[in-house]
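Encoded as structure tokens, the structure appears first; notes follow it.
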Amino acid sequence: MSKRSAASPSPPAEDRWGAWDAFLEATPDAAFLQSSWWADFRTVTGFEHFGAVLRSEGVVVGGALVLRRSYDRKRCFYYIPDGPVMPPDEEAASQIFAATLQAIDEHRRTDPQTVSHLRIEPRWAATPGYVSGFRTAPSDGYHEPRHSLWIDLRPSEQEILAQMKPKGRYNIRVAQRHGVTVVEDTSQRGVADFIDLYEETASRQDFGAKPPDYFEDLVALLTSVGRGSVLFAEHEGTRIAGAIIVTFGRRATYFFGGSLTTHRHLMAPYLLHFEIMRRCKATGHEWYDLWGVAPKDAPDHPWQNITRFKRQFGGVDVDFIPALDYVYDRAAYDRYLAMKNP
């Protein structure tokens, strides 16, 4: 088994990550946050990246794309969203996990800054026995959702509807009766319309909104790599709900959304998501990932309102272990924690 960092001088830059991305798309539980194009996008938010990709006889068998972020002049940390990516066989996974950590540590030893810690967010339902030395990560803003709701798109449309909550099915019919329609638009106008919906929703629900240029760059990326789109629910020419969808492998993911309260009675978001399911099913996707939901044992979680909405579509709960930190430098890690929790 061999390893190679993405920083190696060969192959050519445009081909460097092709095998890794193909490996991810073919791995059922892998996700787009480990893709090379997502890592390239994260550079606009201050992250660098490198690879710890493991190969056996030239074939990718696992590893990670590692993000790197500085938090002061002398210190940084490493971050692996949705990874590392391991094979299902536990014995092989144990070897690949150890080799991946070794490759990351080799990179750390040549890093010009002090690396305080490595954060991983593996898609594991339980922590494997071969994992040791990690601690549960604090809530510091560098986390992706660990609890989600997936809709199985493989049954017929009638079966997909039947597994929804009665209120979900009813609200879809309400939107249909009111003449709500669904359109796709990734143009500049589409991006601007989505930003308006998103910002109104952020203000209403009191969460920190991402800046407009984040969505301008995101939609440009998704359309350039053919991995997503922007869809809207419209009524009489007014766009009243919108969603950014990312497609990767066998899944489509509801990544961002927004809606107007002035048209709440039309129930447009319900029809919007059902139409997204129909379209993704037609393009061969097997699951619709509603992204983040509140844990079932957290009634006061800030995502409870959006979770109640998402649960109207039925689906199955998908839960991953909490993010984990491996501390390399205790003093630097304590400084990092102090900066994040003053």
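A few remarks follow.
- Residue under evaluation A220, criteria (1) within 26 Å of A282 (Cβ to Cβ); (2) in contact with a strand residue (DSSP E or B) (Cβ under 9 Å, 6 or more places away or on another chain); (3) free of Cβ contacts under 8 Å to residues at least 60 places away in the same chain; (4) aliphatic (A, V, I, L, M), criterion not met: (2)
- Qualifying residue in segment 90-109 (condition: surrounded by fewer than 15 Cβ atoms within 10 Å (Cβ to Cβ) and part of a loop (DSSP other than H, G, I, E, B)): no
- Verdict on K296 being within 28 Å of H178 (Cβ to Cβ) and of a type outside the set (D, E): no
- Residue count for segment 165-176 under the criterion of being in contact (Cβ under 8 Å) with a residue 40 or more places away in the chain and either crowded, with 17+ Cβ neighbours inside 10 Å or assigned to a helix (DSSP H, G or I) (or both): the result is 7.
- The listed residue being surrounded by 21 or more Cβ atoms within 10 Å (Cβ to Cβ) and either closer than 27 Å to A126 by Cα or not assigned by TED's automatic domain parsing to the domain that holds I240 (or both), out of A298, A331, A323: A323
- Flag for A162 being modelled with pLDDT of 95 or more, crowded, with 16+ Cβ neighbours inside 10 Å and in the same structural domain as K281 (by TED's automatic domain parsing): no
- Residue in segment 121-142 that is within 25 Å of the chain's Cα centre (by Cα), β-branched (V, I, T) and buried (at least 20 other Cβ atoms within 10 Å of the Cβ) present: no
- Count - residues of segment 30-57 that are without any contact (Cβ under 8 Å) to a residue 12 or more places away in the chain and assigned to a loop (DSSP other than H, G, I, E, B): 1
- Count of residues meeting criterion [part of a loop (DSSP other than H, G, I, E, B), touching a Leu at 6+ places or on another chain (Cβ under 7 Å) and charged (D, E, K, R)] in segment 285-342: 1
- Subset of segment 225-251 that is touching a residue at least 60 places away in the same chain (Cβ under 8 Å) and of a type outside the set (V, I, T) - its residue that is farthest from V318 (Cα to Cα): R227
- Scope segment 224-250; condition out of contact with any strand residue (DSSP E or B) (no Cβ under 7 Å at 6 or more places or on another chain) and either among the β-branched types (V, I, T) or under 17 Å from R279 (Cβ atoms) (or both); matching residues: V225, G226, T238, F248, G249
The values are calculated or read from the model by the stated rules, or taken from the named source; none is laboratory data. All values derive from a computational prediction rather than experimental measurement. In this analysis, Cβ positions are derived from the backbone assuming ideal geometry, glycine residues included, and neighbour counts consider all displayed protein chains.
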